[in-house]
Amino acid sequence: MAEWITHIPEPAQEYIRTRRLDEVECLVADLSGIARGKAMPANKFSKQSYFHLPTSIFTQSITGDWMDDTLINQIEPDMILRPDYATASAAPWTGDVTLQIIHDVYDQNDTLYPVAPRNVLKRVISLYHELGLRPIVAPEMEFFLVAPNTDPNQPIEPPMGRSGRRVAARQSYSMSAIDEYGPVIDDIYDFAEMQGLEIDGILQEGGSGQVELNLQHGDPLRLADEVFYFKRMIREAALRHNCFATFMAKPIQDEPGSAMHLHHSVVDMKTGDNIFVTSDGENSDIFMHFIAGMQNHMPEAVAIMAPYVNSYRRYIRDFAAPINLEWGVDNRTTGLRVPISEASSRRIENRLPGMDVNPYLGIAASLACGYLGIIEKRQPRDQFTQDAHAIDQELPNNLSDAVDIFDQATAMHEVLHPDFCHIYSAIKRLEYTAYQQVISPWEREHLLMNV
């Protein structure tokens with residue numbers, strides 16, 4: 001047995017204990033959250049401690065176009081990728097016995113490459129550690145199971161269920177609705193067990209074929225890795241049953257969008273105590289500062305939490321996605337919700353990120369807002385106790401405006417890293433320009449013969 005196998009998690013060791021390991025997938029997440037890297041025979045992987053990829057993988061847009069910028073070295077130098085063995089996980093949908101391993105990305109000076117999304121999150125976590133604090137997150141993943149769609153000019157439709165009928169909408173929490181695609185859910189559970197990924201619960205959401213999957217709270221980097229793995233795995237489970245899984249923020253007209261709600265708490269690194277509450281169970285000053293940071297800095301982070309033109313179709317008044325930055329206790333109309341809980345579990349739920357977000361960047365940006373609030377010691381607005389859908393929109397309503405705000409966010413850039421922010425902004429502007437060149441069916445239908 002190769003020595004490196006002793007360093008991988010027990011579920012990965014168990015997966016290959018009675019099987020001959022054939023292949024290792026060496027992965028990194030690009031700015032869009034797409035898995036990029038190399039697959040190699042297991043015996044070759046065992047003989048090397050690193051490999052190379054060009055820096056250009058972080059300058060490619062969702063459309064496959066490349067940015068052209070003076071900050072980027074045009075000769076495309078290599079980065080050094082080293083395996084993080086703690087992330088080793090089975091890929092049970094493959095035809096051969098395969099492990100996936102997420103890699104850390106370094107430049108040629110052996111420094112963490114600041115543009116890599118996983119390194120952006122590491123940077124933000126380290127800022128909390130410098131304060132003696134450890135952030136905790138719990139993501140909620142919403143996604144749609146849809147009928148196969150091979151023609152982008154055609155609308156997306158719900159899948160056929162076990163009954164032979166298209167699955168119904170507006171059946172939140174219905175057990176019979178989620179049973180319609182039970183075989184897909186069964187594969188998700190089976191794959192998750194083989195991968196060592198823990199599911200806290202699965203439920204039917206409000207859209208046709210819309211599912212919510214909840215993860216256990218824990219370390220932000222580990223949870224981001226899990227979301228990254230879950231998105232790959234859920235797509236593969238769906239394909240086994242002749243449907244697609246999509247994480248678009250708004251895939252179907254007149255249906256709810258898909259979010260990645262983030263539950264945040266922060267604990268003292270020495271005591272392990274939740275610092276969002278005082279000894280008598282009341283909201284602490286730091287909790288208020290954290291909320292204030294989200295209220296003050298979230299508009300600067302929307303370009304990350306809503307990264308595509310489609311993302312802004314989710315931000316619709318009275319349509320399950322808050323468009324405000326109010327906070328409230330057990331109030332789902334506010335963008336920032338404090339769930340009912342025991343004092344030791346006091347947390348804030350950020351309801352603004354879409355499921356199309358890169359999990360590393362979405363968690364990093366949300367934590368950055370809270371961190372800045374702690375540093376600045378601001379106070380939030382008063383708790384909102386009414387229907388917050390009725391108030392004015394506080395978020396940018398398109399990608400171009402969101403990037404403009406992001407570009408002016410000096411403090412946010414210092415937290416995330418200026419080089420990352422510069423490249424991210426350029427990629428988003430490239431994608432927005434590409435979108436603006438597309439003539440939509442709506443324009444052809446209503447303008448072709450009428451104006």
ask   = Using the Cα atoms of the range 74-143 to build a convex hull, what is its mean projected area in square nanometres?
value = 8.2 nm²
request  = Give the relative contact order (percent, whole number) for the range 3-111; include only Cα pairs under 8 Å separated by 6+ residues.
outcome  = 33 percent
key: Span from the the range 82-110 Cα centroid across to the the range 113-150 one, whole angstrom   = 17 Å
ask   = What nm value, rounded to one decimal, do you get for the distance between residue 411 and residue 85 when each label is placed 7 Å out toward the C-beta?
value = 4.2 nm
Test item: Cα-centred dipole of the range 124-444, Lys/Arg +1 and Asp/Glu -1 on Cβ, debye = 540 debye
message = Can you list the DSSP H helices in the chain whose Cα atoms extend at least 15 Å along the helix axis and whose mean Kyte-Doolittle hydropathy is 0.5 or higher?
response = 285-305, 359-376
note = In deg cm²/dmol, rounded to the nearest 500, the helical mean residue ellipticity at 222 nm of the chain, built from -39500 (n - 2.57) for every DSSP H run of length 4 or more, is -10000 deg cm²/dmol
query = Tell me, what is the FRET efficiency for residue 385 and residue 242 to the nearest 0.05, using R0 = 51 angstrom and their Cβ-Cβ distance as r?
reply = 0.60
ask   = Residue separation times 0.36 nm, minus the C-alpha to C-alpha distance between residue 4 and residue 175: what's the value?
value = 57.2 nm
remark   = Taking placed amide H atoms and a strict 5 Å upper bound, the residues 5 or more places from residue 161 or on another chain that come that close are 166, 167
ask   = Percentage of Cα-Cα pair distances in the range 95-184 greater than 19 Å, rounded to whole percent?
value = 68 percent
key: Selected from 120, 172, 304, residue furthest toward positive end of dipole (the chain; charges at beta carbon)   = 172
Rounded Å value of the spacing that divides the Cα centres of the range 1-65 and the range 309-378 = 32 Å
remark   = The rounded separation in angstrom of the Cα centers of the range 391-451 and the range 219-293 is 24 Å
ask   = Which of the peptides 254-261, 117-124, 441-448 is most tightly packed, and how do the rest follow, going by the mean number of other Cβ atoms within 10 Å of each residue?
value = 117-124, 254-261, 441-448
inquiry  = So I have [x] 20.8, 72; [y] 22.0, 72; [z] 23.0, 74, and one of them is Rg and Dmax of the Cα atoms in Å calculated from this model. Which one is it?
reply    = [y]
remark   = Here the FRET efficiency for residue 65 versus residue 279, based on Cβ atoms and R0 = 41 Å and rounded to 0.05, is 0.15
task = Mind putting together the pair-distance distribution for the range 305-420? All Cα pairs, 5 Å bins, whole percent per bin, short to long.
result = 2, 11, 17, 23, 23, 16, 7, 2, 0
Scattering profile of the range 1-157 at q = 0.10, 0.11, 0.14, 0.20 Å⁻¹ [log10 I(q)/I(0), Debye over alpha-carbon scatterers] = -0.50, -0.60, -0.93, -1.29
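None of the figures in this text is laboratory data; all of them are computed from the coordinates on show. Not measured: the values here are computed from a predicted model. FYI the Cβ positions are ideal-geometry reconstructions off the backbone, even for glycines, and counts take in every protein chain you see.
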